[in-house]
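Here's the structure, in structure tokens; my notes come after.
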Amino acid sequence: MLGTAGILLIDKPAGKTSHDVVAAVRRAHRGIKVGHAGTLDPFATGLLLVLLGRATRVQRWLMAAEKEYSVVARLGAISSTGDTEGEVTVTGRVPAAGVALPVGEVRQRPPGHSAVKVGGRRAYRLARAGEAVELPERTVMVRSFEEVWREEEPGAVPGPRAGYCIRCSSGTYVRSLIADLGDAYCLELRRTAIGPFRVEDADSARVVPLGEALAAVMPVLQLGGEDARAAAHGRAVPAPGGQGSVASGDSPAAPILLADAAGPIAVAQAREGVLKPVVGFRG
């Protein structure tokens, strides 16, 4: 079964939910567990990581990867949903060009029309049913937020369009970032990257093998002999400094992929001088 484990890079179209995409993949890969690593709202397009087989066990680490978005916004108007699906009110007040956009830690409240679950149901479904949705604030990290173009349309109603490139932490609501500019809402919202994975590499026919996918997001420790056998049975192995070598820097809480010549063995974390497997892929 390990041979079927991996991820699909899917370019999700507008109008489909992440669940719709997962359901289609599940039909195409019958008998294999399928999940995804990071919901996209139906309005949004772009990269969705679909997990196959034992790759579903590492969802948390893939979901934690930073995201990159390309946004087209309408200025001089607001929307009740932050996008084209809501009730639009023209204000004529256009956010100034060239101002510093918010980066670093940002407090925001997810919009009512979002994919956050409330009592087991998606917030946007509750909102569409006319139910009041009040979601708690959260702190997110915005790494970069740039206006890359603005299409001035003198006298146009409601106002010009502008393009933005945003790189941010998991859990950031881009529509809220755009709405917080002032009088603006999203015309188009596209996720262009999740960590090292990019939408231009999307190919629904190619399964990225589990080991290759994990090596792109965490350091790798190659094992052999008794250490490989121990890790395969869930037992701790010596931390780097003895056998093996780590492909990139790590911290005590950081996940490390343990692997041998046959492929991935487990994801481990450092505990008191040893690496303890927390998710295994053998047996």
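The values are calculated or read from the model by the stated rules, or taken from the named source; none is laboratory data. Just so we're clear, the structure is a prediction, and the values are computed from it rather than from any experiment. Don't worry about glycine lacking a Cβ; one is built from the backbone with ideal geometry, like all the others, and counts go over all protein chains shown.
Observations on the model:
- Flag for Glu147 being closer than 15 Å to Leu187 by Cβ, at pLDDT 95 or above and out of contact with any Lys or Arg (no Cβ under 7 Å at 6 or more places or on another chain): yes
- Residue match in region 52-72 (condition: touching an Asp or Glu at 6+ places or on another chain (Cβ under 8 Å), touching a residue at least 60 places away in the same chain (Cβ under 8 Å), over 20 Å from Ser144 (Cβ atoms) and of a type outside the set (A, V, I, L, M, F, W, C)): no
- Between Val21, Val71, Val50, the distinction of being at pLDDT 95 or above, closer than 21 Å to Ala184 by Cβ and crowded, with 21+ Cβ neighbours inside 10 Å belongs to Val71 only.
- Cβ-Cβ under 9 Å pairs, at least 6 apart or on other chains, region 242-270 side among the hydroxyl-bearing types (Ser, Thr, Tyr), far side at pLDDT 50 or above: Ser245/Val220; Ser245/Leu221; Ser245/Gln222; Ser248/Met218; Ser248/Pro219; Ser248/Val220; Ser251/Ala270
- Meets criteria (closer than 19 Å to Ser80 by Cα, polar (S, T, N, Q), crowded, with 16+ Cβ neighbours inside 10 Å and in contact (Cβ under 8 Å) with a residue 40 or more places away in the chain) for Thr192: no
- Condition check for Gly159: surrounded by 20 or more Cβ atoms within 10 Å (Cβ to Cβ) and in contact with a strand residue (DSSP E or B) (Cβ under 6 Å, 6 or more places away or on another chain): yes
- Long-range neighbours under 7 Å by Cβ, at least six apart or interchain, first residue in contact (Cβ under 8 Å) with a residue 60 or more places away in the chain within region 96-108, second small (Gly, Ala, Ser): Gln108/Ser176
- If you filter region 1-49 down to residues that are polar (S, T, N, Q) and within 23 Å of Glu68 (Cβ to Cβ), you find that the one that is nearest to the chain's Cα centre (by Cα) is Thr39.
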